[in-house]
Each structure stands twice: as structure tokens, then as C-alpha cells.
1. Starting from segment 35-52, take each residue that is at pLDDT 95 or above and surrounded by fewer than 17 Cβ atoms within 10 Å (Cβ to Cβ) and list its partners that are of a type in the set (Asp, Glu) and not in a loop (DSSP other than H, G, I, E, B), counting only C-beta distances under 8 angstrom and pairs at least six apart or across chains.
2. Can you tell me which of Leu179, Leu165, Leu204, Leu152 is among the aliphatic types (A, V, I, L, M), over 20 Å from Arg51 (Cβ atoms) and surrounded by 15 or more Cβ atoms within 10 Å (Cβ to Cβ)?
3. Write out, first by first residue and then by second, each pair whose Cβ atoms fall under 6 Å of each other, whose residues are 6+ apart or on separate chains, and whose first residue, in segment 160-185, is aromatic (Phe, Trp, Tyr) while the second is surrounded by 16 or more Cβ atoms within 10 Å (Cβ to Cβ) and not in a strand (DSSP E or B).
4. Considering only residues that are assigned to a loop (DSSP other than H, G, I, E, B) and surrounded by 13 or more Cβ atoms within 10 Å (Cβ to Cβ), look in segment 74-90 and name the one that is nearest to the chain's Cα centre (by Cα).
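The values are calculated or read from the model by the stated rules, or taken from the named source; none is laboratory data. As the structure is a computational prediction, the values presented were derived from the model and not from experiment. Note: ideal-geometry Cβ built from the backbone for every residue, glycine included; neighbour counts use all protein chains shown.
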Amino acid sequence: MIPVPYRLSLWLALLFAMLLSGCAGTIVRSEVTAFHEPTADFGDKTYTFSRDARQENDLEYRSYENLVRGELQRLGFAESASGRLQVGMHYQVDARDMRVVEPVVVDPWYGPGFGRYHYPYGFYGPYVDPFWFAPPLVQQVERRFVSYSRRLEITIARAADHKNLYQVVVNSQGQNPSLAAVMPAMVKSAFADFPGPSGVPRVLEVKLEPAR
């Protein structure tokens, strides 16, 4: 049997690790598929953003446009009023109700008191250890939640004839309803290893640091 102080230290270490993981940032996983011609010529890499009437006065769109602008600058593109290229962007988010049945470990004896038999004394001992006397039970528990599917599409086309030279689609799923929270990671994924393999779906993970 593991000594009580050692068992207590294990619980404290586990709690500390959980607290650290909660502050370490969020991992956004996306499926990325890019399409481009092997001989695509981006020329002098000057570009302008192509916007429709609704996007012209959409502050959310302008915020995401700034993210794309930053990635293009990193890749050597330069924004210009008479750019040779046109960059377009579209995005959406859809919500779906999900139902999942999963196994959950439960304690067959533990009650609402301090211990299994409502033992009222002491901070730690056999009466407050969930699995001291009996092995845990596994029950099937139903969990319902909302899953959000996000989609980002970015195109780079020649301004002269509007022919697409690069097109990338980024899809991600999660339980965060805020598209703004995950868009920085999705934009980074869109330009990872630019231009990347054509027509090959890739799963990329980007870590977002917590806001300060």
C-alpha cells in the first residue's frame, strides 16, 4: 500500500499539472488543403484585396484581413493600390448539436460527506480515498454539446484575367463559438509551408498563447 503522504503528493502534483496545462495556451487543429499549379508565377508579388460590397464595411472582415496581410508580408508579398495580384477571403461557421456516449470511471462507495461512510474527521485517509476499498466502476455516460465547424478560404488570383494561382481551404472544429478566437491559427495554417503540396489534405496544429 502506498504511504499516505506519498499518495497525497501524487494528487497535488496532478492538480499542479492541470493548472499549468490550463495556462499553456490553446491548440487549434485544422485540416488544410491547398491547390496551385506547379508553374504558378506570382510575379513581383504585389497585391490588393478583392472585397465585395458587404466586406467593404465589415469590421470583422477587416480584422481577419489584417491577419492575412501579416502572413503575406512574411512571405515577401507587398500590398499596392495597383497590385498584380488580387487576394480574396471568405469564411463561415456552422453549429451542430452533438451527442456522445463515453465510458466514465465512478466510485461505487463515495458519498456526499467527507468520505465513503460520511467520515467527518481528518483531511486524508482511507475514508476520503475514492478507490481505497474497492476498484472503480465504469459507466456509460451521455454527453451533449454543440460543435462548431469553421471554414476559411483564401485565393490569390492574377488581377489581369482573374485566374486563380493559389487557393487554400482551412477547416477546423471545436466547442468555442468565437470564430475570432481561432482565426489567427487558421490563417497561419493557410500559409504554412507556402505554397505547400497541391491537392494534399494536411492536418496542422497551431498553438495560440492565452491573451494577456
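1. As it stands, the answer is Thr46/Glu79; Thr48/Glu79, since those pairs meet every condition given.
2. Numbers: Leu179 fails: over 20 Å from Arg51 (Cβ atoms); Leu165 fails: over 20 Å from Arg51 (Cβ atoms); Leu152 fails: over 20 Å from Arg51 (Cβ atoms).
Residue meeting the stated conditions: Leu204.
3. Listed pairs, sorted by first residue: Tyr166/Pro195.
4. Of segment 74-90, the ones assigned to a loop (DSSP other than H, G, I, E, B) are 75-77, 80-84.
With surrounded by 13 or more Cβ atoms within 10 Å (Cβ to Cβ) added as a condition, the list becomes 77, 80, 83-84.
Working: Phe77: 27, Ser80: 32, Gly83: 33, Arg84: 33 Å.
Restricting to residues being assigned to a loop (DSSP other than H, G, I, E, B) and surrounded by 13 or more Cβ atoms within 10 Å (Cβ to Cβ), the top hit is Phe77.
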